[in-house]
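Every number here is computed from the coordinates shown, using simple stated rules; none is lab data. Nothing here was measured: the structure is a model prediction, and the numbers come from that model. Please note: Cβ atoms are built from the backbone with ideal geometry, for glycine as well, and neighbour counts cover all protein chains shown.
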Amino acid sequence: MEKSYRKLLNNNKKWVVKQLKANPTYFEDLAKGQNPEYLWIGCSDSRVPANQITGTQPGEMFVHRNIANMVVHSDMNMLSVLSYAVEVLKVKHVIVCGHYGCGGVKAAMGNKQFGLIDNWLRHIKDVYRLHHEELDAIEDTEQRGRRFVEVNVMEQVLDLGKTTIIQNAWRNNQPLHVHGWVYDINDGIIKDLNVNCTCLEDLHAIYQFEE
């Protein structure tokens, strides 16, 4: 166990040497501040590292991760990240990225109790309820799970648009787009679901706040 733990610290030292060899001012430049163009809302799954699969470097992407890449309106952690990214960092794109084979989505498809996490999974189950006719019609369990991942991402994109944080940015003419993607662990390819929110008109009228 100790050896496994120490390995991470040794890897860090090797990484520092590698970065400085390629660019002697690498860390000096990073320390000056960040100016990311993207906010990534992804899953906590260890197989989906945002920077690696998008080819972005430290400083280029602001990242928030939770189980099944959820946008829960009572989640102050997510809302605080979103607020800072949009209102302070002025990111131009907010990306919700799910992934096929998501454990949280799989758990939400069944009725087994898992403990505390059941309270989180309920939000994912709400998505299933909204799309149950389409999902129940898919006989193959794996294919149903893949589609569930997709519709879950779509709902999270809409849920971002429902926030005052996003809507106020649009009202202030801040260039801001919200996108929905799915990463396939089996081949490493990101699928653009072509579900985007770019303005108030992309939302149902009931969700549009008045100025």
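Before moving on, here are some points about what is shown:
- For residue 195, the residues whose amide H sits under 5 Å from its own are 180, ignoring neighbours fewer than 5 places away on the same chain, with H placed 1.01 Å from N.
- Top positive-direction residue, dipole computed over the chain with Cβ charges, set 25, 164, 148: 25
- Relative contact order for the chain, counting Cα pairs under 8 Å that sit 6 or more residues apart, in percent: 19 percent
- By the rule of a C-alpha distance below 21 Å, with chain neighbours fewer than 8 residues away ignored, the lysines paired with residue 106 are 125, 191.
- Result for the chain in a Gaussian network model with C-alpha springs under 10 Å: among 67, 138, 165, the largest mean-square fluctuation is at 138.
- P(r) tail, region 37-200: Cα-Cα pairs separated by more than 28 Å, 19% of all pairs.
- About its Cα centre, the dipole of the chain is roughly 1240 debye, where the only charges are +1 on Lys and Arg Cβ and -1 on Asp and Glu Cβ.
- Taking 28 Å as the straight-line reach from the Cα of residue 14, the lysines in range (excluding those fewer than 8 positions away in the same chain) are 3, 32.
- Rounded to the nearest Hz, the phi-derived 3J(HN,Hα) couplings of region 198-210 under the Karplus curve 6.51 cos²θ - 1.76 cosθ + 1.60 (θ = phi - 60°) are 10, 6, 4, 5, 7, 10, 4, 4, 5, 9, 7, 6, 7, where x marks glycine and proline.
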